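The values are calculated or read from the model by the stated rules, or taken from the named source; none is laboratory data. Remember, predicted model here, so these are calculated numbers, not experimental data. Every residue, glycine as well, gets a Cβ built from its backbone with ideal geometry; the counts of neighbours run over all protein chains shown. Just so you know, the surface numbers come from the protein's heavy atoms only, side chains and all, with ligands and any DNA or RNA stripped out. Shrake-Rupley method; radii C 1.70, N 1.55, O 1.52, S 1.80 Å.
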Amino acid sequence: MATGDAKPDPVPARSPDSPARRFVPFDEARATILARAASLLMPTEFVPIDEALGRTLRENLVASEPSPRFANSAMDGFAVRSVDVASAGPDAPVSLRVVETVPAGRVATLTIGKGEAIRLMTGAAMPEGADAVLPVEQTVGGQAPVVQALASVAAGEHVRAAGEDFAAGTVLVSPGRVIDPSVIGILATLGHPDAEVSMLPRVAVISTGDELVAPGAALGPGQIHDSNTHTIRAMIRAAGCEPGPCWHVLDDAEAVATAIGRVAEHCEAIITLGGVSAGDFDPVKQALPALGDVELWRVGMRPGQPQAFGTVRGKLFFGLPGNPVSSAVVFEMLVRPALWTLLGRSVLDRPSVRAVLGDAVVSKVGRRDFLRVTLEELSPEESLALGVAYRARLTGTQSSGAFSSVLTADGLAMVPDDKPAADRGEVLTVASTFLPRGVHPRGPSK
Ligand code: AMP
Ligand code: MG
């Protein structure tokens with residue numbers, strides 16, 4: 001018996017004055033949104049590298065010099081000519097004359113000749129004439145003017161060659177990468193005090209609904225707390241953007257239109273929450289004709305079918321459904337990739353894994369279902385037999401009002417558009433999300 005929600009999609013009621021609602025398959029909706037976002041790429045700014053973590057790099061990081069810049073010692077020890085110590089061993093010490101000592105940050109003034117050594121610290125430049133480093137552990141009497149070599153070394157041994165990390169001219173990082181600690185390390189290695197990054201898109205959130213009350217205020221009869229505003233603002237921040245103006249308006253089309261017009265001047269993207277479906281009091285839907293280049297559409301996805309998308313005064317506009325699960329899933333699957341496009345990021349999808357479905361679900365041809373699932377690791381035997389590493393289990397009811405299904409999820413399992421259902425045992429792709437546990441990073445990639 002399937003455990004998913006088997007109800008057919010309701011045919012949207014359409015009052016004579018409501019705008020037409022086009023059905024758009026999920027991939028087409030995403031492509032339309034991303035194309036619009038790509039035309040609104042954020043300008044760049046320079047930030048100090050210590051403040052660049054998590055920002056989107058917008059410059060090529062090219063090595064102007066090789067790294068290391070000069071051959072240097074990988075060990076504390078003695079720069080030697082390998083031929084001089086070829087016969088050395090624990091029972092056959094070879095005496096070398098120590099002519100100089102060079103710490104890191106200094107260069108030798110002398111060239112090594114036959115039978116000579118220069119004492120080097122790790123990172124010190126290799127002196128002229130030497131071709132190897134004899135580690136201090138393989139010597140005795142190094143403090144004296146004469147050191148005893150107790151081992152041979154091959155030419156090049158314990159030497160970090162110039163350019164062995166990267167050559168001059170190497171493109172080390174390309175624009176579009178999120179700056180992580182390793183990118184900051186490269187910026188610093190190259191000597192950049194600042195990084196050129198995308199400016200942060202400010203994202204305005206307007207919640208709609210007569211029933212909504214801010215957390216902290218007492219609830220009257222029929223009222224609920226406005227949770228979506230806070231979830232979505234957190235998702236905006238978690239996506240590396242800046243939560244912008246934040247309004248709540250009652251179910252009044254004029255008030256919605258006014259709010260949208262006001263916030264548009266202070267943000268790069270606008271999200272409305274609720275009021276976009278088929279009900280009689282859906283103010284976003286009613287405000288649409290006055291909004292600008294915005295379309296009301298039905299996206300082939302569940303949860304989150306009724307939506308609006310477009311631009312208002314040159315700013316991206318997303319009308320998200322009011323149900324808490326719907327707005328979170330639509331944000332994750334459509335709004336977040338659009339924001340990452342505004343940022344100029346080169347990767348728009350989060351990591352995903354393949355998992356065998358543990359519960360049967362009902363879907364519908366033409367619709368992509370995003371199931372909130374937990375992931376359990378399979379035993380080695382099961383994993384070998386099934387060719388995947390995880391089992392995905394539904395996080396309880398998949399009702400779009402049941403936010404607990406989000407709270408416990410590791411990711412979103414996607415039922416492809418062409419499937420009317422997914423059976424137990426079927427293998428699906430599970431996308432990781434903002435969700436707390438996240439997809440196991442060691443899973444096989446899609
Ligand atoms: P709507 O799309 O406006 O018809 O809302 C659909 C459902 O989501 C209703 O049960 C609303 O009460 C609920 N809802 C709408 N907006 C929010 C919000 N900001 N926070 C929590 N629930 C909401
Ligand atoms: Mg509403």
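The table that follows gives values for the structure above.
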| quantity | calculated |
| --- | --- |
| Where a residue in the range 23-51 is touching a residue at least 60 places away in the same chain (Cβ under 8 Å) and its partner, wherever it lies, is surrounded by fewer than 16 Cβ atoms within 10 Å (Cβ to Cβ) and assigned to a strand (DSSP E or B), with Cβ under 9 Å and at least six apart | 46/194; 47/194; 48/194; 49/194 |
| Candidates 335, 284, 276, filtered to the one that is within 13 Å of ligand 1 (Cβ to nearest atom) and assigned to a helix (DSSP H, G or I) | 284 |
| Test for residue 423: is it open to solvent by 40 Å² or more (accessible area, probe 1.4 Å) and either over 28 Å from residue 33 (Cβ atoms) or touching a residue at least 60 places away in the same chain (Cβ under 8 Å) (or both) | yes |
| Answer from 300, 304, 322, 310 - the residue that is assigned to a loop (DSSP other than H, G, I, E, B) and more than 13 Å from ligand 2 (Cβ to nearest atom) | 304 |
| Meets criteria (modelled with pLDDT of 95 or more and in a loop (DSSP other than H, G, I, E, B)) for residue 425 | yes |
| Pick from the range 385-420, criterion within 16 Å of ligand 1 (Cβ to nearest atom) and of a type in the set (Gly, Ala, Ser), ranking: least open to solvent (accessible area, probe 1.4 Å) | 405 |
| Filter result for residue 264 (over 31 Å from the mean Cα position of the chain (by Cα) and either in contact (Cβ under 8 Å) with a residue 24 or more places away in the chain or surrounded by 22 or more Cβ atoms within 10 Å (Cβ to Cβ) (or both)) | no |
| Failed condition for residue 201, given (1) in contact with a Cys (Cβ under 6 Å, 6 or more places away or on another chain); (2) within 13 Å of ligand 1 (Cβ to nearest atom) | (2) |
| Residue pairs meeting the criteria (Cβ under 9 Å; at least 6 apart or on separate chains; first at positive phi, in the range 382-407; second outside any helix (DSSP H, G or I) and at pLDDT below 90) | 387/444; 396/408 |
| Residue among 169, 156, 176 that is loosely packed, with under 15 Cβ neighbours inside 10 Å, over 21 Å from residue 81 (Cα atoms) and modelled with pLDDT of 95 or more | 169 |
| Count of residues meeting criterion [open to solvent by less than 70 Å² (accessible area, probe 1.4 Å), more than 16 Å from ligand 2 (Cβ to nearest atom) and more than 22 Å from residue 324 (Cβ to Cβ)] in the range 228-256 | 1 |
| The range 268-293 - residue that is closer than 13 Å to residue 313 by Cα, under 35 Å from the mean Cα position of the chain (by Cα) and open to solvent by 40 Å² or more (accessible area, probe 1.4 Å) and, of those, nearest to ligand 2 (Cβ to nearest atom) | 292 |
| Only listed residue being open to solvent by less than 10 Å² (accessible area, probe 1.4 Å), within 16 Å of ligand 1 (Cβ to nearest atom) and within 24 Å of residue 201 (Cα to Cα), chosen from 310, 319 | 319 |
| Residue among 209, 244, 216 that is touching a His at 6+ places or on another chain (Cβ under 9 Å) and within 20 Å of residue 283 (Cβ to Cβ) | 209 |
| Among the residues listed as 196, 116, 211, the single one being charged (D, E, K, R), within 20 Å of residue 45 (Cα to Cα) and either at pLDDT 95 or above or surrounded by 21 or more Cβ atoms within 10 Å (Cβ to Cβ) (or both) | 196 |
| Candidate set: the range 287-296, residues that are away from ligand 1 (no atom under 15 Å from the Cβ) and touching a helix residue (DSSP H, G or I) at 6+ places or on another chain (Cβ under 7 Å); chosen: the one modelled with the highest pLDDT | 294 |
